[in-house]
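Here, each number is a calculation from the coordinates, and none is a lab measurement. Since this is a predicted model, take the numbers as computed values, not measurements. A quick note on method: Cβ atoms are made from the backbone with ideal geometry, for glycine too, and the neighbour counts reach across all protein chains shown.
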Amino acid sequence: MQTDWFNETKKILKENEVILRSYRLELDNREGYISLTDDRLIFVQVEGFLKKSYNKIFDLPYKNILSIKHNDDHKFTLNSKNNKFIFSTKGIPATIVEKSIEYFRVHCLDMSLGKEKI
């Protein structure tokens with residue numbers, strides 16, 4: 001069963017873009033979900049208790065990620081060309097999310113470079 005935040009995130013996707021993984025995180029005291037697609041990261045904030053609303057806070061192409069820094073067991077920093085994002089994980093170690101972002105950043109960039117050569 002797909003959740004409402006997932007359905008909202010799917011509306012933001014480009015044609016043929018696919019969500020590969022998603023994680024529940026907090027960014028600047030805003031709870032939401034970060035989705036890792038085959039092209040970028042998308043953070044959607046979830047607000048409300050009985051009536052939920054969903055707001056896209058940012059989307060970041062992998063090519064704009066400069067570094068990922070491990071802060072502690074449940075925090076990491078993502079540095080991009082224009083911004084610095086400090087995330088807190090919910091119920092999982094930060095290293096799981098960090099490794100997923102790094103994996104997809106490397107592999108999805110390799111795939112996009114291969115497409116451009118064709």
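At a glance:
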item	result
Cut-off under 5 Å, modelled amide H: who pairs with LEU13 long-range	none
Residue order, fewest to most surrounding Cβ atoms within 10 angstrom, among GLU31, GLU15	GLU15, GLU31
Calculated from backbone phi, Karplus (6.51, -1.76, 1.60) coupling profile of segment 71-88 in Hz, x at Gly/Pro	9, 7, 4, 10, 9, 8, 10, 10, 9, 10, 4, 10, 9, 10, 10, 10, 9, 10
Given LYS11/LYS51; LYS10/LYS51; LYS51/LYS84; LYS52/LYS81, the pairs whose alpha carbons are separated by over 28 Å	LYS51/LYS84; LYS52/LYS81
Two-decimal Rg/Rh across segment 22-90, once Rg and the Kirkwood Rh are taken from alpha-carbon atoms	0.97
Formal net charge of residues neighbouring ASN55 (Cβ-Cβ distance under 10 Å; K, R +1; D, E -1)	0
Peptide ranges 70-82, 38-50 listed from the most packed, as the mean C-beta count within 10 angstrom indicates	38-50, 70-82
³J(HN,Hα), Karplus 6.51/-1.76/1.60, whole Hz, each residue of segment 37-47, x for Gly, Pro	9, 7, 10, 6, 9, 10, 10, 10, 7, 10, 10
Cut-off under 5 Å, modelled amide H: who pairs with HIS74 long-range	ALA94
Karplus-derived 3J(HN,Hα), 6.51/-1.76/1.60, for each residue of segment 50-58, Hz, glycine and proline x	7, 10, 8, 10, 10, 10, 6, 8, 7
For segment 1-62: relative contact order, % (alpha-carbon pairs under 8 angstrom, 6 or more apart)	24
TYR103-PHE49 FRET efficiency (beta carbon distance; Förster radius 35 Å; 0.05 resolution)	0.55
Rh by Kirkwood over Cα pairs, then Stokes-Einstein D for the chain at 1.567 mPa s and 4 °C, µm²/s	88
Where labels lie 7 Å past Cα in the beta-carbon direction, separation of LYS75 and ILE92 in nm	2.1
